[in-house]
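Visitor: Sending over a structure as structure tokens; questions will come in a sec.
Derivation of every value follows stated rules applied to the coordinates shown; laboratory data play no part. It should be emphasised that the depicted structure is a prediction, and the values quoted were computed from it without experimental measurement. Backbone-built Cβ (ideal geometry, glycine too); neighbour counts: all protein chains shown.
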Amino acid sequence: MERIVIVGGGIMGSCIAYYLALAGAGAAVTVLEPDPTYEFAATPRAVGGIRLQHAVRENVEMSLYGDQVYSAFAEHVRGSAVEFDPQFRRRGYLYQVRGAQSIAALEANVRMQRAAGVEVHVLGVDELRRRYPSFRFVSVDCAALSPADGQIDPYAALMGFRKAASGLGVTYVQDRLVGLEISGARVTAARLASGRGLSVDTLVNAANCWAPEICAMVGMPVPIEPVRRQQFFFLTQQRIEPIPAMRRMDGLGVRVHQDGYICGFTNPRQPSGFNWDLEHEVFESVLWPQLAEQSAAFEAIKPKGGWVGHYDMNRLDGNPIIDRFDTVPNFILAAGFSGHGLMHAPAVGRAVKELILDGGFRSIDLSRLSWRRVVDGEPLADDGPKA
């Protein structure tokens, strides 16, 4: 049986490993993960949203499959003696826009989402204020509400897939890839930091923000960079009605988290690269005033810290690259998810399994998420909500 080496044991690598194992190839799969505690990995630092609203149909279809898996996790993820519950909860998602052009784009996307099977409603400002009386909805003309959107515990989902993959025969190795041997336009071996070598028939790069380093080993330039995402947690004195995750087109977002709320922030002008600093002054001087403008309940709050994670941002178009590298065809890349990785991981795991074992995509056609669009400089048009 051919040897499949997966670089990166986070949610993406573990989903790929799991679906390969579910298809009977577990004994042939080795996952390289340098840090089994996942201290700096993206998955445990994610918010855990399973969002059904996207402007690219493939993303909608992947989210729908993610919803199917996460909402009935024990039925879909089997193989571990220990059960992990990602605690799926339907919270809803409300994407707010302003201006005629943005409204037209939202309505077009809603038509596509409905055709794909998503329940989504377009609401005017009067209806928004009626449903959510604690909010003023200033600088908003209308919004799209998808009430079935969910939220999960990212770490539990990761461990569920990892343990299930291991239970089905996948081997996890705590080590770091430092080099690849290539012969005849194929990866033949992986060199590890420990000095060990692994023979390779297929190599899958699921290394998230570190994926470009692995791509460079085979001469595959990719526009993927780590971009910091800050999350700020706060409590309110005033109780308000239950709300969905709310996001405006300018990027301001707020959602329920534990017994309070979180507000996320990604500065589009910040330099790429790893930055683990949580800028409390950004929350106090920039985000808090905007929140208070939206709701009186957010005028008197108690900041309680937060955390930093990083997106594996695809600078071309904010969408992933899931494809073989044509120059080295046994090298497969699955990265550049730009904040969508957790929700799309089950679908990507299934899709990469299909690439390796079935000869191509079978369940969802992801051919538009190809490496070729990078080469040709042809980004996918995406005017929908960003992560």
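Visitor: Quick one: which residues, 5 or more positions from I182 or on another chain, have an amide H under 5 Å from its amide H? H modelled 1.01 Å from N in the peptide plane, none for Pro or chain starts.
Guide: Excluding prolines and chain starts, which carry no amide H, the hits are T188.
Visitor: Which of V178, V200, V352 comes first, and how do the rest follow, when ranked by fewest Cβ neighbours within 10 Å?
Guide: Ordered from fewest to most neighbouring Cβ atoms within 10 Å, V178, V200, V352 come out as V178, V200, V352.
Visitor: So, one more: Taking the Cα centre of the range 162-231 as the origin and placing charges on Cβ (Lys, Arg +1; Asp, Glu -1), which of T202, G184, Y172 is farthest toward the positive end of the dipole?
Guide: The residue sitting most towards the positive pole is Y172.
Visitor: Roughly how big is the chain's charge dipole about its Cα centre, with Cβ charges of +1 (Lys, Arg) and -1 (Asp, Glu), in debye to the nearest 20?
Guide: 380 debye
Visitor: What list of ³J(HN,Hα) couplings, whole Hz, do you get for the range 188-202 from phi and the Karplus terms 6.51, -1.76, 1.60, once you set θ to phi - 60° and write x for glycine and proline?
Guide: Rounded to whole hertz, the list is 10, 7, 10, 9, 10, 4, 6, x, 6, x, 10, 6, 9, 9, 9.
Visitor: Select from the range 130-212 those trypsin sites (Lys or Arg not before Pro) which occupy a DSSP coil region and have at most 13 other Cβ atoms within 10 Å, ordered by residue number.
Guide: For trypsin sites (Lys or Arg not before Pro) across the range 130-212 that sit outside H, G, I, E and B with at most 13 neighbouring Cβ atoms in 10 Å, the list reads R196.
Visitor: With θ set to phi - 60° and the Karplus curve 6.51 cos²θ - 1.76 cosθ + 1.60, what are the ³J(HN,Hα) couplings of the range 233-243 in order, to the nearest whole Hz, using x for Gly and Pro?
Guide: Result, ordered by residue: 9, 8, 10, 10, 7, 9, 6, 10, 5, x, 10 Hz.
Visitor: OK, next. Pull up all non-local amide H partners of R3: gap of 5 or more, or a different chain, and H-to-H distance under 5 Å with H placed in the peptide plane.
Guide: Amide H neighbours of R3: D201, T202.
Visitor: In a Gaussian network model over the chain where Cα atoms closer than 10 Å are linked, find which of E83, E281, E299 has the largest mean-square fluctuation.
Guide: The residue that fluctuates most here is E281.
Visitor: How do C15, C142, C263 rank when sorted from fewest to most other Cβ atoms within 10 Å of their own Cβ? Spell out each step's value before the answer.
Guide: Values: C15 34, C142 19, C263 24.
Listed from fewest to most nearby Cβ atoms, that is C142, C263, C15.
Visitor: Would you calculate the volume per residue, in Å³, of the smallest convex hull containing every Cα atom of the chain?
Guide: Dividing the Cα hull volume of the chain by its residues yields 133 Å³.
Visitor: Based on the alpha carbon coordinates of the range 33-191, what radius of gyration and maximum Cα-Cα distance (Dmax) apply, in Å?
Guide: 20.8, 65
Visitor: Give me a comma-separated list of calculated 3J(HN,Hα) values for the range 223-231, in order, Karplus coefficients 6.51, -1.76, 1.60 applied at θ = phi - 60°, integers in Hz, x for any Gly or Pro.
Guide: Calculated HN-Hα couplings, in order: x, 9, 9, x, 10, 5, 10, 9, 10 Hz.
Visitor: Can you tell me which of S199, S63, S285 moves the most in a GNM of the chain? Springs connect C-alpha atoms under 10 Å apart.
Guide: Per the Cα network of the chain with a 10 Å cutoff, S285 tops the list.
Visitor: Moving to a separate point now. Write down Rg/Rh for the range 189-276, rounded to two decimals, with Rg from the C-alpha atoms and Rh from the Kirkwood relation over Cα pairs.
Guide: Over the Cα atoms of the range 189-276, Rg/Rh equals 1.18.
Visitor: If one computes the Cα centroid of the range 169-188 and of the range 323-348, what distance in Å separates the two points?
Guide: Taking the Cα centre of the range 323-348 as reference, the centre of the range 169-188 is 17 Å away.
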